[in-house]
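Q: Okay, here's the structure, questions in a sec.
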Amino acid sequence: MKKKQPHDALLGTGGELHQQANAEHPPLTTQQGMVISDNQNSLRAHPQGPTLLEDFVLREKITHFDHERIPERVVHARGSGAHGFFELTRSLEAYTTAKVLTEVGEKTPVFSRISTVAGGSGSSDTPRDVRGFAVKLYTKEGNWDLVGNNIPVFFIQDAIKFPDLVHAVKMEPDRGFPQAATAHDTFWDFISLTPESMHMVMWIMSDRTLPRSLRMIEGFGVHSFRLINAAGDSTFVKFHWRPKLGMQSTVWDETVKIAGADPDFHRRELFDVLGAGEVAEWEFAVQLFTQAEADQFPFNHLDATKLIPEELVPLQVIGRLVLDRWPDNFFAETEQVAFCPTHLVPGIDFSNDPLLQGRLFSYRDTQLSRLGSVNFEQIPINAPKCPFANHQRDGHMQMAQPPGRVAYEPNTLSPDSPRSDRANGFVSVALDEGGERGRVRDASFADHYSQARQFFISQTPTEQAHMASALVFELSKVEHPHVREAMVSHLLVIDQMLGQRVADGLGMEALPAMAATVQPLKELPPSAALSIIANATHTLEGRCVGILVDNGSDGATVAALKKAAMAAGARVKIVAPKVGGVTLASGKKLAADGQLAGTPSVLFDAVALVLSESAGKALCREAAAVDFVRDAFGHLKAIATDAGAQALLMAAGIKPDAGVLGADDPKAFVDAACTRQWAREPSVRLLA
């Protein structure tokens, strides 16, 4: 197929592509038929200024997008939530008046919802996808919604492009598939024409988008916000959540099989652990910096496609988030909870990040469509836990019954009606926003490749191989060769060897020309904080070990393995050919937690095989048993075996390595189970 070129394309000051109308492509218009001059940028007070409310093009586009789905969320439809608390451990009183960030030891109630982005509410938990990380803090001064993701950057720089991004990633409209997947033409076509997305592409093709558990992901506020102190001085801030259990991901083949074995894998795990009295816990950290410091960064911090490396601005841990209770009713709370970035408390304010500016309008508009009323904040899960009062009345599903004749202010007819409070109320930071307004992107947003390269070179060789292989897999699903070629041309800018590896994996006979860059690539140093494997926590805490047994298994060995794993913080499940359990060699009955055919090894972090010789030989004829062992080995998990399990290892074609240990040494097994056996991977799969 002949490679298609953008028609009459122009580049904006931020390096964004502006395709122009011509004889083949009619002008893009509003719903009223007015021709749109710029579909890439919102109207701003000046290139780095706030987005203006008068931008009716943005509002029409976003409003229509917000109302496209009823009643489930357009994005982040598949989510799980839990109650808990936030505890401040270090005061930021020098930077903010917000009590939630100044009163050390105070426990603020929270509700958090973690979600996938692309799939519908009935999709699986484990696709390669970004995870939304939203936290509603019911503070003394009102609700504060910190609505972010498990990745610190985003695909686009301006909110006006969000409908285009989501339309590209969603199911293709002429066929209604694929569900919850980016491996298709429309997504990569859009991305190939949007260089600002290249940093995010590196993140989504990394293991960050294949989390082992919702309790093992990081969370980020993504945007820069402002903190305002009692003197009215402001400081920029970025918010971070860091999991107590450390980060852990699955491998791609394992992810696919988990989706088939248990599409509710993440939701079930969180439900089970909270029900058992365990918790999900994160450290809360901030990056604080001034405008003067921001002016020295080699990037613009208002650009949501950029992160601030921890080496440049270190994280300061100031609190912790603990989730400890599952909702009483999933629909009433997890589905009806409504997060809005505009939900702030005094002492916190917005920045001029153009993606954030659009979100300030979009989220509330979405809730009005999805929940059907301006009174959605009266739903218990959304209502503040502090006193509140206003003059808003009536509307669909109004639950409040305010007395009296007055519903306005100022007034002289009510002795106790609410009034504004200049001393304690929310005040926006005072800024001089002088400048030339227009649909223009600041030139400092034009470097689309430097941080993408920084992220790639910060990964271990194993993680780099996973990223290259993920790109090959995704682009192999793209039908149009010119889209594949365009993506490889971008990858060559990020890293020539990465581009070559992906091109080889796709079977390209020749490399395409390297993509043109608006700004030259900056050679940024690696950031140690960006790798999962390099920062892995050597622990079994929060993990799950499966022990495969059958009639005649040695009960003492099973008990010793279970005791050691539980002492290390893991949950243990007994898997047997029949759900009714087995009779051990001692004659005692052992209950099973799962039946073999329905409880594959992909559901565990490590496995043990405790079998009699006769049972081991018999299970060689059971495909589920052979797959149980083969998959555990292929997914780089530690395996403990006894003599009876040797026949099953042979049937699975496994040649034992350092990660295959004797079941008679529980301590060694637990130590090996604390990590993946990365050295094994080259022997079990070909990576790009």
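The values are calculated or read from the model by the stated rules, or taken from the named source; none is laboratory data. Nothing here was measured: the structure is a model prediction, and the numbers come from that model. With ideal geometry, Cβ positions are generated from the backbone for all residues, glycine too; neighbour counts draw on all protein chains shown. Just the protein is used for accessible areas: all its heavy atoms, side chains included, with ligands, DNA and RNA removed. Shrake-Rupley method; radii C 1.70, N 1.55, O 1.52, S 1.80 Å.
Q: So is P127 touching a residue at least 60 places away in the same chain (Cβ under 8 Å) and either outside any helix (DSSP H, G or I) or closer than 24 Å to V322 by Cβ (or both) or not?
A: Here the answer is yes, as P127 does meet what is asked.
Q: In the stretch 183-193, which residues are assigned to a helix (DSSP H, G or I) and under 20 Å from the mean Cα position of the chain (by Cα)?
A: Within the stretch 183-193, F187, W188, I191 qualify.
Q: Please enumerate the residues belonging to the stretch 241-255 that are touching a Pro at 6+ places or on another chain (Cβ under 8 Å) and in a strand (DSSP E or B).
A: Hit for the stretch 241-255 is S249, nothing else.
Q: For the stretch 73-119, name all the residues that are closer than 12 Å to L321 by Cα, open to solvent by less than 10 Å² (accessible area, probe 1.4 Å) and of a type in the set (G, A, S).
A: A82, S112
A quick yes/no check of all residues on (1) on the phi > 0 side of the Ramachandran plot; (2) touching a Gly at 6+ places or on another chain (Cβ under 6 Å):
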| residue | (1), (2) |
| --- | --- |
| G569 | yes, no |
| K578 | no, no |
| V582 | no, no |
| L596 | no, no |
| V610 | no, no |
| A632 | no, no |
| G644 | no, yes |
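Q: Being open to solvent by less than 10 Å² (accessible area, probe 1.4 Å), in a helix (DSSP H, G or I) and hydroxyl-bearing (S, T, Y), is that true of even one residue in the stretch 195-202?
A: Looking through the stretch 195-202, at least one residue is open to solvent by less than 10 Å² (accessible area, probe 1.4 Å), in a helix (DSSP H, G or I) and hydroxyl-bearing (S, T, Y).
Q: As an exercise: evaluate I457 against (1) at pLDDT 95 or above; (2) among the aliphatic types (A, V, I, L, M); (3) more than 23 Å from the chain's Cα centre (by Cα) and give the number of the one condition it does not meet.
A: It is condition (3) that I457 fails.
Q: Continuing with the same structure: Since A645 meets every condition but one in (1) surrounded by 16 or more Cβ atoms within 10 Å (Cβ to Cβ); (2) in a loop (DSSP other than H, G, I, E, B), which condition does it not meet?
A: If we test A645 against (1) surrounded by 16 or more Cβ atoms within 10 Å (Cβ to Cβ); (2) in a loop (DSSP other than H, G, I, E, B), just (2) comes out false.
Q: Which ones in the stretch 152-172 are among the aliphatic types (A, V, I, L, M), touching a residue at least 40 places away in the same chain (Cβ under 8 Å) and open to solvent by 10 Å² or more (accessible area, probe 1.4 Å)?
A: Within the stretch 152-172, just V169 meets the criteria.
Q: For residues that are open to solvent by 20 Å² or more (accessible area, probe 1.4 Å) and over 34 Å from the mean Cα position of the chain (by Cα), scanning just the stretch 658-667, find the one that is nearest to A632 (Cα to Cα).
A: L661
Q: Tell me the helices (runs of 4 or more DSSP H) entirely within the stretch 392-495 that contain at least 3 residues that are open to solvent by less than 30 Å² (accessible area, probe 1.4 Å) and closer than 30 Å to S234 by Cβ.
A: Hits in the stretch 392-495: 450-457.
Q: Test each condition in (1) farther than 30 Å from R242 by Cα; (2) open to solvent by 50 Å² or more (accessible area, probe 1.4 Å); (3) of a type in the set (G, A, S) for A45 and report the one that comes out false.
A: Here A45 meets the rest and fails (2).
Q: Report yes if some residue within the stretch 173-182 is surrounded by 22 or more Cβ atoms within 10 Å (Cβ to Cβ), touching a residue at least 12 places away in the same chain (Cβ under 8 Å), assigned to a loop (DSSP other than H, G, I, E, B) and not polar (S, T, N, Q); otherwise report no. So that I can check it myself, show each step before the final result.
A: From the stretch 173-182, those surrounded by 22 or more Cβ atoms within 10 Å (Cβ to Cβ) are 180, 182; that's our starting set.
From the residues that got through so far, the ones that are touching a residue at least 12 places away in the same chain (Cβ under 8 Å) too are 180, 182.
Still in the list and also assigned to a loop (DSSP other than H, G, I, E, B): 180, 182.
Next, only the ones that are not polar (S, T, N, Q) stay: 180.
Checked against the condition, which is being surrounded by 22 or more Cβ atoms within 10 Å (Cβ to Cβ), touching a residue at least 12 places away in the same chain (Cβ under 8 Å), assigned to a loop (DSSP other than H, G, I, E, B) and not polar (S, T, N, Q), the stretch 173-182 yields at least one hit.
Q: Under 8 Å between Cβ atoms, which residue pairs at least 6 apart in sequence (or on different chains) link something in the stretch 132-151 that is at positive phi with a partner that is open to solvent by less than 10 Å² (accessible area, probe 1.4 Å)?
A: As it stands, the answer is G142/V345, since those pairs meet every condition given.
Q: Give the residue, chosen from S527, S601, that is hydroxyl-bearing (S, T, Y), in contact (Cβ under 8 Å) with a residue 12 or more places away in the chain, touching a Phe, Trp or Tyr at 6+ places or on another chain (Cβ under 7 Å) and buried (at least 16 other Cβ atoms within 10 Å of the Cβ).
A: S601 is the lone residue from the list that is hydroxyl-bearing (S, T, Y), in contact (Cβ under 8 Å) with a residue 12 or more places away in the chain, touching a Phe, Trp or Tyr at 6+ places or on another chain (Cβ under 7 Å) and buried (at least 16 other Cβ atoms within 10 Å of the Cβ).
Q: Can I ask one more? Name every residue in the stretch 13-38 that is in contact (Cβ under 8 Å) with a residue 60 or more places away in the chain, assigned to a loop (DSSP other than H, G, I, E, B) and out of contact with any Asp or Glu (no Cβ under 8 Å at 6 or more places or on another chain), in order of residue number.
A: Answer for the stretch 13-38, where residues must be in contact (Cβ under 8 Å) with a residue 60 or more places away in the chain, assigned to a loop (DSSP other than H, G, I, E, B) and out of contact with any Asp or Glu (no Cβ under 8 Å at 6 or more places or on another chain): S37, D38.
Q: Okay, moving on. Can you work out which of the residues in the stretch 559-582 that are closer than 17 Å to D642 by Cβ and of a type in the set (V, I, T) is most open to solvent (accessible area, probe 1.4 Å)?
A: It comes out as V572.
Q: Can you pull out the residues in the stretch 334-379 that are in a helix (DSSP H, G or I), open to solvent by 30 Å² or more (accessible area, probe 1.4 Å) and over 18 Å from I62 (Cα atoms)?
A: Result: E335, E377, Q378.
Q: Next up: Suppose we keep only residues that are touching a Leu at 6+ places or on another chain (Cβ under 8 Å), of a type in the set (A, V, I, L, M) and open to solvent by 10 Å² or more (accessible area, probe 1.4 Å) within the stretch 277-304. Which one would you say is nearest to H223 (Cα to Cα)?
A: Among them, the one singled out is L288.
Q: Somewhere in the stretch 548-568, is a residue basic (K, R), more than 25 Å from L210 (Cα to Cα) and modelled with pLDDT under 95?
A: Looking for residues that are basic (K, R), more than 25 Å from L210 (Cα to Cα) and modelled with pLDDT under 95, one finds none in the stretch 548-568, hence no.
Per-residue answers, yes or no, for (1) in contact with a Ser or Thr (Cβ under 8 Å, 6 or more places away or on another chain); (2) surrounded by 16 or more Cβ atoms within 10 Å (Cβ to Cβ):
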site	(1), (2)
G587	no, no
Q595	no, no
L611	yes, yes
L619	no, yes
E622	no, yes
R630	no, yes
F633	no, yes
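Q: Now for a different question. Considering every residue within the stretch 205-226, establish whether at least one is surrounded by fewer than 24 Cβ atoms within 10 Å (Cβ to Cβ), free of Cβ contacts under 8 Å to residues at least 40 places away in the same chain and assigned to a strand (DSSP E or B).
A: no
Q: Quickly run through the stretch 18-34 and pick out the residues that are over 36 Å from the mean Cα position of the chain (by Cα), open to solvent by 90 Å² or more (accessible area, probe 1.4 Å) and under 24 Å from E54 (Cβ atoms).
A: Q32
Q: How many of the residues in the stretch 284-302 are farther than 11 Å from V313 by Cβ and of a type in the set (D, E)?
A: Residues in the stretch 284-302 being farther than 11 Å from V313 by Cβ and of a type in the set (D, E): 1 in total.
Q: Still on this model: Go through (1) under 18 Å from M200 (Cβ atoms); (2) without any contact (Cβ under 8 Å) to a residue 24 or more places away in the chain; (3) among the charged types (D, E, K, R) and name the single condition E509 misses.
A: Every listed condition holds for E509 apart from (1).
Q: Is at least one residue of the stretch 55-68 surrounded by 15 or more Cβ atoms within 10 Å (Cβ to Cβ), at pLDDT 90 or above and assigned to a loop (DSSP other than H, G, I, E, B)?
A: Among the residues of the stretch 55-68, at least one is surrounded by 15 or more Cβ atoms within 10 Å (Cβ to Cβ), at pLDDT 90 or above and assigned to a loop (DSSP other than H, G, I, E, B), which makes the answer yes.
Q: Out of curiosity, is R543 at negative phi, of a type in the set (D, E, K, R) and open to solvent by less than 10 Å² (accessible area, probe 1.4 Å)?
A: In short, yes.
Listed here are the residues, each with its yes/no results for (1) of a type in the set (S, T, N, Q); (2) closer than 30 Å to D671 by Cα; (3) over 25 Å from the mean Cα position of the chain (by Cα).
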site: Q464; (1), (2), (3): yes, yes, no
site: D504; (1), (2), (3): no, no, yes
site: E509; (1), (2), (3): no, no, yes
site: S527; (1), (2), (3): yes, yes, no
site: L530; (1), (2), (3): no, yes, no
site: C544; (1), (2), (3): no, yes, no
